[in-house]
Every structure is written in structure tokens, then in C-alpha cells.
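Here, each number is a calculation from the coordinates, and none is a lab measurement. These numbers come from a predicted model, not from an experiment. Counting neighbours? That spans all protein chains shown, and the Cβs are built from the backbone with ideal geometry, glycine included.
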Amino acid sequence: MSGITTHVLDLGAGEPARGVAVRLEVRMAERGWVTLAERVTDADGRVRDLLAQGARVDAGTYRLTFGTGAYFAAQARETFFPEAAVVFEIRDPSRHHHVPLLLSPFGYSTYRGS
């Protein structure tokens, strides 16, 4: 499993959010935001392979950007947020970092998962 994972749940539909585009970036002092991976959530709303198995995760600031607008548009559902960006800091790279997104057309929330 990747050192950084995510899970998207569609609260309005009451099910996992399948097919959400997810981009993982790291902030580099000299280059700004650098893309590390781009994936799409699976049938369970998860992305388990943001980073390759065994890939090193460094301490630093990361951003997950979720393509919520395209997800809702594909279902002919209106949304207020074309994307949801979650910025988080990794202080202990030896730990697993799971960042879930709870999504509805007009709001979202996140938390540090396990």
C-alpha cells in the first residue's frame, strides 16, 4: 500500500464516489507545487496507489486535489465546488497517511484517517 491513500464517499448518494480524479502534489521550496501522481478512485471510492509500493514519503507539505466538478457533472448533478483541495503536513514519514473526503454537491469535509 502507498504511504499516502485516500477514500471518497458521496454523502448525497450514500455510497463510495467512483471515478473521482485525484492529484497528489508536494510543495517544494524552489519549484512550488510538484505533481507526484494522478489517479482515479476505484469502485470503492479509494485510491490505494498514489505512490508506488515502497516509494519514500518525505516530511513536508502535500496537497490532494479532487475533481469534484467533473464527478458531479458526469451524474448530471449540480455542485458548488469544481474541485476540493486538501493541504496537509507530513511530519513522520514512517507512518501511513490516509486522507478521506466526505463529499456532497454543496460541501465537503476531511480528516486524518487511519
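The table below gives the values:
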| read-out | value |
| --- | --- |
| Computed lengthening from R56 to A43, 0.36 nm per intervening residue step minus Cα-Cα distance | 2.0 nm |
| Spin-label model distance (nm) - L11 vs H96, 7 Å beyond Cα toward Cβ | 2.5 nm |
| Neighbour-count ranking [beta-carbon atoms within 10 angstrom, fewest first] of E25, E89 | E89, E25 |
| Value at 222 nm in deg cm²/dmol, rounded to 500, when DSSP H runs of n ≥ 4 in the chain each add -39,500 (n - 2.57) | -1500 deg cm²/dmol |
| For D42, D10, order by how many other beta-carbon atoms lie within 10 Å, fewest first | D42, D10 |
| Whole-Å distance, taken between Cα centres, linking segment 16-46 and segment 49-114 | 7 Å |
| Given charges at beta-carbon only (K, R positive; D, E negative), |dipole| of segment 4-110 in Debye | 180 debye |
| At most 14 other Cβ within 10 Å, DSSP loop - chymotrypsin sites (Phe, Trp or Tyr not before Pro), segment 16-114 | F80, F106, Y111 |
| Computed P(r) (all Cα pairs; segment 60-114; 5 Å bins; percent) | 5, 18, 26, 19, 13, 10, 6, 3, 0 |
| Residues T68, T61 arranged by fewest to most Cβ contacts within 10 Å | T61, T68 |
| Size of electric dipole in segment 54-95: Cβ of Lys, Arg +1 and of Asp, Glu -1, about Cα centre, debye, nearest 20 | 120 debye |
